[in-house]
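Input: a single structure, listed below in structure tokens.
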Amino acid sequence: MFFILSKILDILLSPTIWIIIPMVIALRLKKVKQIKIAIFSSILLLLFLTNGSICNALLKSWEIDAPDIPAGKTYTWGVLLTGGMIKYTDTHPDRISSGEAADRMIQTFHLYQQGAIKKILITGGETSIANLMVDQSNESINVKRLLIKMGVPARDIFVENKARNTYENALYSSQMLKNYLKKDTIVLITSAMHLRRSILCFENKGFNVRPYAADILKKETPLSLLSYFKPSEKSLSINFQLIREVVGILVYKLKGYI
């Protein structure tokens, strides 16, 4: 039930909804001054949430970008969290197409190739909800298939495919790696934006965590002049992810997950 409610909450957290609501309210108002305030609020939200420079400033304050693992340092386990690495396409159902978060998989492969991790645990299951949401990516299995094609031996890749959220990622991973809790340190691989919540969940389950950031979105180089004025649909999407992460941590604290 919590998983279903969390997906419904996503609708309310969408910045697009925040922009639309004042416009809908304006349609029901009768006083000109109130209508102007509602419309102005909608425009202000739109400009704020689509501004590239503001979005980048928020990313800089939120994303965790842990240092690279130095050469010669080796950990037994790299735990890779799923979520957007694979996308399903109806037109090419037999093709494994990478998604927006595929950098998580690439960084995991890089860590294995350099000898920083000896084994890989891919954690994440199907997130379909009957009559609400369809997930046909089969992400964990397809990421394993791609890693094997890239040269990682199948014997070094393990799959946990029951978890539907970050809490369950940590829970089921702790069950699979119970002999390594407290004794070893795992390399936790997920997006820089998602690391805060992930670290808290995995530490709560007894893991010693060495975070490793993928999908780093913040820009350290100077922004172009257009970034300060040109509306950006991508910024709107990123702000949605940021809002989800902040609210996600608050909800997890209330639930006792972290």
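Assorted remarks:
- Residue under evaluation ASN204, criteria (1) surrounded by 15 or more Cβ atoms within 10 Å (Cβ to Cβ); (2) among the polar types (S, T, N, Q); (3) not assigned by TED's automatic domain parsing to the domain that holds ASP184, criterion not met: (3)
- Single residue of the range 55-66 satisfying the filter (part of a loop (DSSP other than H, G, I, E, B) and of a type outside the set (Gly, Ala, Ser)) that is surrounded by the fewest Cβ atoms within 10 Å (Cβ to Cβ): ASP65
- ALA192 in contact with a strand residue (DSSP E or B) (Cβ under 6 Å, 6 or more places away or on another chain), modelled with pLDDT of 95 or more and of a type in the set (A, V, I, L, M): yes
- Criterion violated by ILE35 - all others in (1) over 23 Å from SER173 (Cα atoms); (2) of a type in the set (Val, Ile, Thr); (3) loosely packed, with under 14 Cβ neighbours inside 10 Å satisfied: (3)
- Every pair of residues 6+ apart whose Cβ atoms lie under 6 Å, when the first sits in the range 38-61 and is within 19 Å of PRO22 (Cβ to Cβ) while the second is of a type outside the set (A, V, I, L, M) and in a helix (DSSP H, G or I): ALA38/PRO22; SER41/PRO22; SER42/PRO22; LEU45/TRP18; LEU49/PRO15; LEU49/ASN239; THR50/SER235
- LEU44 being buried (at least 17 other Cβ atoms within 10 Å of the Cβ), closer than 22 Å to SER227 by Cβ and among the aliphatic types (A, V, I, L, M): no
- If you go through the range 72-99 and keep only what is in a loop (DSSP other than H, G, I, E, B) and in contact with a strand residue (DSSP E or B) (Cβ under 8 Å, 6 or more places away or on another chain), you end up with THR74, THR82, GLY83, MET85, TYR88, THR89, ILE96, GLY99.
- Residues of the range 123-157 that turn out to be in a strand (DSSP E or B), modelled with pLDDT of 85 or more and over 22 Å from SER174 (Cβ atoms), as a count: 0
- Screening ILE120, ILE69 for residues that are in contact with a strand residue (DSSP E or B) (Cβ under 9 Å, 6 or more places away or on another chain), part of a loop (DSSP other than H, G, I, E, B), at pLDDT 90 or above and crowded, with 16+ Cβ neighbours inside 10 Å leaves exactly one candidate, ILE69.
- Which listed residue, of MET193, MET176, is over 26 Å from ASP65 (Cα atoms) and either of a type in the set (Phe, Trp, Tyr) or touching a residue at least 12 places away in the same chain (Cβ under 8 Å) (or both): MET176
Residues are listed down the side, and each one gets a yes or a no for (1) farther than 27 Å from ILE249 by Cβ; (2) crowded, with 16+ Cβ neighbours inside 10 Å; (3) of a type in the set (Phe, Trp, Tyr):
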{"residue": "VAL24", "(1), (2), (3)": "yes, no, no"}
{"residue": "ARG28", "(1), (2), (3)": "yes, no, no"}
{"residue": "PHE40", "(1), (2), (3)": "yes, no, yes"}
{"residue": "LEU80", "(1), (2), (3)": "no, yes, no"}
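- Taking the range 158-258 and the helices (runs of 4 or more DSSP H) fully enclosed by it, the elements with 3 or more residues that are under 30 Å from LYS73 (Cα atoms) are at 166-176, 195-204.
The values are calculated or read from the model by the stated rules, or taken from the named source; none is laboratory data. None of the values given here were measured: they were computed from a predicted structure. In this analysis, Cβ positions are derived from the backbone assuming ideal geometry, glycine residues included, and neighbour counts consider all displayed protein chains.
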